[in-house]
């Protein structure tokens, strides 16, 4: 038995040989999860820090929980969806973690004497504990609104002009500021998931760019291969086609996306260019959405949050699909400048669809396009193949490898995209392009430039391509009429009959008869034409300036037309006659007046008396926009607003 003195000696000895106490936890270590303190607040997290399922938050409806599952896919689950099988799906293929995190133990087995013959063991997981922990984790993460925060496969714009490309299983980031500095920064690679506040959910993998710097020789071989097709505009069309293909690698991150329409008769090689197993298909692989007959709704639903390019093969117009084709072209129009489309569903919730994709179509005949649609396309026409042309060996061209090299060159050149695009845009506007057509052709030329060269283009190169793209040489521009011109064409070519038994004549003929000379032989014909036009809400007049209103704004009236004065066609804003003429068109319901008011030197808001009706508000359209001014007796050009004091 030890004495107090012995205890004193033992303590003294221990103090003389003191050792540090063992460190049971490191700074930042996670404590055991699953537990509460006395006031029912969480003391330790309910989910382990290394849980591969990520709780993103609670939806704006207060019910839906949003997760990234083990595979990185975005999964919404309602409160009643946290059943056993759904939880297994959430954790697959690592379903064993459910039992590790929330184990369910069996009861120990005992003999008749009460001795334990088999200890407790884990026989599954506690579903209630697992669902409670997951739902609570979403609540702790806060509100998650998936609208605008989910980014699918394809290119996206990141912070500070960074290029972000989602390849399905990995996410690449190329930072323009770092790329611009010599020797700094290749692309960074990240796992899918939450990056800078956006969710990049996992999806099927798409072809990745080449691991090393892109080989310009591969791009040059591709351009030579594209040039073997018999393009109507030769090297220009080949360059534009290369530009569209190059654009696909980064199109979702651009401020403007240009579309392509390949047209030509049978045997011109359309299918070998963009058909199944054609050049574009082999180059781009699964990084493009291919379809032959999809509707507008189907395209939206396939895209969702993706920005990958879309190729339509056999986009042929016929008597039964005009509305369907127009809806798809409207999608392409929205996608040019980019935007989000929202559609209501049967569950009274709006679904969001991202439209930042570039489109390519092919057909024997191009469908009808409104000017605002046509200005977003480069229309490349294929001529019949020249005699003796050999069949292309696409199998031996190594197109997948060329596609990877092309994508890498676009990524490596991202740092100079904005400057290169601006240079081509300005060169095209200097040649007479509108801002819209300069966007379309400037994007394609700039993309081809990034693919072929390493520096911003010089003045000689810019001038050469801008000259080849002169507006009067491009059918996409030269053959496109302004909206007011198309409206006037519809009006002047409309057939009308003055009385039963009379010949049907165009309204343009009547307008021409209404402005003939004052000679005695013409007076009767002129009076009859003016009377017929008045019944429809049309009248040839001279503009008469009135005193300004109380706010100093100019006012205009009208006078009966006489020779030697600027002549206008007054078009009523309302009236049954004009409503019938424009009824089947987009200018119906008075839309014709709004469109015609945009014609150069037009005067709006003038009160004009037509036939026996009371005065109606009308638009005065310069007669030279309506008919050939040479047919107008004593024609004098109508002044522009600033010249006429408007």
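A short reminder: the numbers here are calculations on the coordinates, not readings from a lab. On a predicted model such as this, the values are computed, not experimentally measured, just so you know. Because the Cβ atoms are built from the backbone with ideal geometry, glycine has one as well, and the counts that use them run over all protein chains shown.
Miscellaneous remarks
- Fewest-first ordering of 524, 281 by other beta carbons within 10 Å of each residue's beta carbon gives 524, 281.
- Calculated [θ] (222 nm, deg cm²/dmol) that DSSP helices of n ≥ 4 give over the chain, each run adding -39,500 (n - 2.57): -10000 deg cm²/dmol
- Ranked 164, 581, criterion: other C-beta atoms within 10 Å, fewest first: 581, 164
- 18 Å cut-off, amide nitrogen to a point 7 angstrom out along residue 351 Cα→Cβ, residues in the range 294-319: 294-308
- Computed FRET value (nearest 0.05) for residue 607 with residue 517, which takes r as the C-beta separation and R₀ as 25 Å: 0.30
- The fraction of Cα-Cα pairs per 10 angstrom bin, counted from 0 for the range 216-478, comes to 7, 31, 38, 20, 4, 1, 0 percent, rounded to whole percents.
- Stokes-Einstein diffusion coefficient of the range 35-141, Kirkwood radius over Cα pairs, 25 °C, 0.890 mPa s, in µm²/s: 161 µm²/s
- Folded to 0 to 90 degrees: helix 235-247 orientation relative to the chain principal axis, Cα: 30 degrees
- Candidate values (i) 149, 65, 52; (ii) 161, 51, 44; (iii) 88, 58, 52, label of the one derived for Cα extents along the principal axes in Å: (i)
- This ranking places 460, 454 by how few other beta-carbon atoms lie within 10 Å of each, fewest first, which gives 460, 454.
- The range 35-141: relative contact order in percent, alpha carbon pairs under 8 Å with at least 6 residues between: 24 percent
- Shape summary: the range 393-540 maps onto an equivalent ellipsoid whose semi-axes, from the alpha-carbon gyration tensor, are 56, 18, 12 Å in decreasing order.
- Two-decimal Rg/Rh across the range 470-615, once Rg and the Kirkwood Rh are taken from alpha-carbon atoms: 1.00
- Take the Cα of residue 391, step 7 Å toward its Cβ, do the same at residue 188, and the gap between the two points is 5.0 nm.
- Computed lengthening from residue 479 to residue 123, 0.36 nm per intervening residue step minus Cα-Cα distance: 120.6 nm
- Rounded to 5, percent antiparallel among DSSP beta bridges of the chain: 75 percent
- Three-way shape call for the range 265-309 based on the alpha-carbon gyration tensor, with the a/c threshold at 1.5: oblate
- Potential lengthening of the chain between residue 430 and residue 291 amounts to 46.2 nm, from the contour at 0.36 nm per residue minus the alpha-carbon distance.
- Global geometry of the range 309-439, whether rounded, prolate or oblate, following the gyration tensor of its Cα atoms and the 1.5 cut on a/c: rounded
- Mean sequence separation of contacting Cα pairs (under 8 Å, at least six apart), scaled by the length of the chain, corresponds to a relative contact order of 10 percent.
- Taking the C-alpha atoms only, the angle from helix 322-337 to the longest principal axis of the chain is near 70 degrees.
- Crossing angle, helix 459-468 versus the chain [Cα axis fit, 0-90 degrees, rounded to tens]: 60 degrees
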